[in-house]
Amino acid sequence: CCAASPAAGGAASCTPDPVPFGGSAACTATPATGYQFTGWTGACAGQGAACTLGNVRAAQASVALFVPHAYAVTATASPVAGGMASCAPSPVAHGGSATCTATASTGYQFTGWTGACAGQGAHCTLGGLTEEKASAALFAQQTTLALPEGPQAQKPLGLALQAGAGWQVAVAGT
(Lines give C-alpha, C1' and ligand atoms only; values in the text may rest on other atoms or scores of the structure.)
Protein backbone atom coordinates (compact mmCIF):
# COMPACT_ATOMS: atom_id res chain seq x y z
CA CYS A 1 0.00 0.00 0.00
CA CYS A 2 1.88 3.03 1.25
CA ALA A 3 4.56 4.46 3.51
CA ALA A 4 5.66 7.82 4.96
CA SER A 5 8.99 9.54 4.33
CA PRO A 6 10.52 10.37 6.67
CA ALA A 7 8.75 7.98 9.03
CA ALA A 8 8.73 10.64 11.78
CA GLY A 9 7.00 13.05 9.37
CA GLY A 10 3.59 11.42 9.53
CA ALA A 11 1.52 8.45 8.53
CA ALA A 12 0.07 7.07 5.30
CA SER A 13 -2.72 4.54 5.01
CA CYS A 14 -5.02 3.08 2.35
CA THR A 15 -8.37 1.37 2.80
CA PRO A 16 -9.24 -1.24 1.97
CA ASP A 17 -5.87 -2.96 2.10
CA PRO A 18 -5.59 -5.20 0.20
CA VAL A 19 -7.79 -3.90 -2.62
CA PRO A 20 -10.00 -6.43 -4.43
CA PHE A 21 -9.13 -6.87 -8.15
CA GLY A 22 -10.69 -3.97 -10.10
CA GLY A 23 -11.69 -2.20 -6.87
CA SER A 24 -10.82 1.23 -5.45
CA ALA A 25 -8.82 2.41 -2.47
CA ALA A 26 -8.76 5.68 -0.56
CA CYS A 27 -5.31 6.66 0.70
CA THR A 28 -4.66 9.37 3.27
CA ALA A 29 -1.47 11.18 4.30
CA THR A 30 -1.52 12.65 7.84
CA PRO A 31 1.42 14.84 8.93
CA ALA A 32 2.87 14.54 12.43
CA THR A 33 3.10 17.64 14.64
CA GLY A 34 5.74 19.96 13.22
CA TYR A 35 5.57 18.51 9.69
CA GLN A 36 3.64 19.27 6.53
CA PHE A 37 2.59 17.02 3.67
CA THR A 38 4.29 17.88 0.35
CA GLY A 39 3.08 15.17 -2.03
CA TRP A 40 3.13 11.53 -3.02
CA THR A 41 5.39 9.33 -5.09
CA GLY A 42 4.15 6.23 -6.91
CA ALA A 43 0.48 5.51 -7.64
CA CYS A 44 -0.80 8.61 -5.76
CA ALA A 45 1.70 11.05 -7.37
CA GLY A 46 0.09 14.37 -8.26
CA GLN A 47 -2.82 13.99 -5.83
CA GLY A 48 -3.42 15.78 -2.54
CA ALA A 49 -3.26 14.34 0.97
CA ALA A 50 -6.42 12.36 0.14
CA CYS A 51 -5.72 10.06 -2.82
CA THR A 52 -8.13 7.80 -4.66
CA LEU A 53 -6.94 4.79 -6.65
CA GLY A 54 -9.54 3.29 -8.98
CA ASN A 55 -9.78 0.10 -11.02
CA VAL A 56 -6.81 -1.43 -9.20
CA ARG A 57 -5.61 -4.49 -11.16
CA ALA A 58 -2.10 -4.91 -9.71
CA ALA A 59 -0.18 -4.08 -6.54
CA GLN A 60 0.21 -0.33 -6.12
CA ALA A 61 2.71 1.51 -3.93
CA SER A 62 2.83 5.13 -2.83
CA VAL A 63 5.01 7.10 -0.43
CA ALA A 64 3.66 10.18 1.37
CA LEU A 65 6.35 12.86 1.58
CA PHE A 66 6.66 15.20 4.57
CA VAL A 67 9.00 18.07 5.50
CA PRO A 68 9.44 19.83 8.84
CA HIS A 69 7.66 23.16 9.26
CA ALA A 70 10.01 26.15 9.07
CA TYR A 71 9.25 29.45 10.78
CA ALA A 72 10.59 32.93 10.02
CA VAL A 73 12.19 34.73 12.96
CA THR A 74 12.57 38.47 12.31
CA ALA A 75 13.79 41.57 14.13
CA THR A 76 13.59 45.24 13.23
CA ALA A 77 15.15 48.37 14.75
CA SER A 78 13.10 51.27 16.11
CA PRO A 79 14.00 53.91 15.18
CA VAL A 80 15.91 52.63 12.15
CA ALA A 81 18.72 55.17 12.79
CA GLY A 82 19.09 53.77 16.33
CA GLY A 83 20.83 50.58 15.34
CA MET A 84 20.53 47.15 13.80
CA ALA A 85 18.58 44.05 14.81
CA SER A 86 18.86 40.58 13.32
CA CYS A 87 17.95 36.96 14.07
CA ALA A 88 19.76 33.78 13.05
CA PRO A 89 19.04 31.26 11.86
CA SER A 90 15.88 32.14 10.01
CA PRO A 91 13.88 30.21 9.03
CA VAL A 92 13.97 27.80 11.98
CA ALA A 93 12.76 24.19 11.87
CA HIS A 94 9.84 23.21 14.13
CA GLY A 95 11.04 23.07 17.75
CA GLY A 96 14.32 24.80 16.90
CA SER A 97 15.95 27.93 18.34
CA ALA A 98 17.13 31.31 17.08
CA THR A 99 19.17 34.13 18.59
CA CYS A 100 18.28 37.76 17.96
CA THR A 101 20.88 40.50 18.46
CA ALA A 102 20.43 44.26 18.85
CA THR A 103 23.39 46.57 18.16
CA ALA A 104 23.09 50.30 18.84
CA SER A 105 24.43 52.92 16.44
CA THR A 106 26.84 55.58 17.70
CA GLY A 107 24.92 58.06 19.83
CA TYR A 108 22.15 55.57 20.70
CA GLN A 109 21.64 52.89 23.30
CA PHE A 110 19.58 49.73 23.31
CA THR A 111 16.60 50.07 25.70
CA GLY A 112 14.67 46.82 25.20
CA TRP A 113 12.59 44.65 22.90
CA THR A 114 8.94 44.40 21.97
CA GLY A 115 7.37 41.21 20.63
CA ALA A 116 8.87 37.76 21.09
CA CYS A 117 12.10 39.05 22.72
CA ALA A 118 10.35 41.37 25.22
CA GLY A 119 12.05 41.31 28.61
CA GLN A 120 15.38 39.97 27.32
CA GLY A 121 18.71 41.74 26.86
CA ALA A 122 20.43 42.77 23.64
CA HIS A 123 21.08 39.06 22.91
CA CYS A 124 17.74 37.26 22.91
CA THR A 125 17.30 33.49 22.60
CA LEU A 126 14.01 32.06 21.36
CA GLY A 127 13.65 28.29 21.73
CA GLY A 128 11.11 25.60 21.05
CA LEU A 129 9.63 27.50 18.10
CA THR A 130 6.26 26.33 16.81
CA GLU A 131 5.28 29.47 14.89
CA GLU A 132 6.77 32.58 13.28
CA LYS A 133 8.19 35.16 15.71
CA ALA A 134 8.87 38.89 15.34
CA SER A 135 10.58 41.39 17.62
CA ALA A 136 11.55 45.06 17.49
CA ALA A 137 14.73 46.34 19.14
CA LEU A 138 14.13 49.73 20.75
CA PHE A 139 16.84 52.36 20.82
CA ALA A 140 17.04 55.78 22.52
CA GLN A 141 19.29 58.63 21.53
CA GLN A 142 21.94 59.32 24.15
CA THR A 143 21.96 62.79 25.62
CA THR A 144 25.18 64.53 26.63
CA LEU A 145 25.11 67.46 29.02
CA ALA A 146 28.29 69.57 29.27
CA LEU A 147 28.58 71.53 32.51
CA PRO A 148 31.28 73.80 33.80
CA GLU A 149 32.93 73.14 37.17
CA GLY A 150 30.73 73.67 40.22
CA PRO A 151 29.97 77.13 41.58
CA GLN A 152 32.94 76.95 43.94
CA ALA A 153 36.32 75.77 42.82
CA GLN A 154 37.09 72.19 43.76
CA LYS A 155 33.46 71.61 44.84
CA PRO A 156 31.37 68.97 43.02
CA LEU A 157 28.23 69.93 41.18
CA GLY A 158 25.19 67.80 42.13
CA LEU A 159 22.83 66.63 39.38
CA ALA A 160 19.60 64.64 39.55
CA LEU A 161 19.17 62.73 36.29
CA GLN A 162 16.04 60.80 35.38
CA ALA A 163 16.77 57.07 35.32
CA GLY A 164 16.44 55.27 32.01
CA ALA A 165 16.57 58.49 29.98
CA GLY A 166 19.77 57.55 28.17
CA TRP A 167 22.14 59.77 30.15
CA GLN A 168 25.86 59.18 30.08
CA VAL A 169 27.88 60.67 32.91
CA ALA A 170 31.56 61.37 32.38
CA VAL A 171 33.81 62.97 34.97
CA ALA A 172 36.24 65.55 33.67
CA GLY A 173 39.14 66.88 35.67
CA THR A 174 40.34 70.46 35.71
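The values are calculated or read from the model by the stated rules, or taken from the named source; none is laboratory data. Values in this document were obtained by computation on a predicted structure and should not be read as measured data. FYI the Cβ positions are ideal-geometry reconstructions off the backbone, even for glycines, and counts take in every protein chain you see. In case anyone asks, the SASA skips ligands and DNA or RNA and just uses the protein heavy atoms, side chains included. Shrake-Rupley method; radii C 1.70, N 1.55, O 1.52, S 1.80 Å.
The table for this structure:
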| item | result |
| --- | --- |
| Qualifying position, being in contact (Cβ under 8 Å) with a residue 40 or more places away in the chain and either part of a loop (DSSP other than H, G, I, E, B) or crowded, with 16+ Cβ neighbours inside 10 Å (or both), among 47, 60 | 60 |
| Any hit, segment 19-28, residues being among the aromatic types (Phe, Trp, Tyr) and either on the phi > 0 side of the Ramachandran plot or surrounded by 19 or more Cβ atoms within 10 Å (Cβ to Cβ) (or both) | no |
| Hits in segment 75-92 - residues which are touching a residue at least 40 places away in the same chain (Cβ under 8 Å) and either within 17 Å of residue 132 (Cα to Cα) or touching a Gly at 6+ places or on another chain (Cβ under 8 Å) (or both) | 75, 76, 77, 85, 87 |
| Unmet criterion (only one of (1) touching a Leu at 6+ places or on another chain (Cβ under 7 Å); (2) exposed (fewer than 14 other Cβ atoms within 10 Å of the Cβ)) for residue 73 | (2) |
| Conditions (1) modelled with pLDDT of 95 or more; (2) of a type in the set (Val, Ile, Thr); (3) open to solvent by 60 Å² or more (accessible area, probe 1.4 Å); (4) farther than 30 Å from residue 142 by Cα; number of the one not met by residue 80 | (4) |
| Residue tally, condition part of a strand (DSSP E or B) and closer than 30 Å to residue 130 by Cβ, over segment 17-44 | 12 |
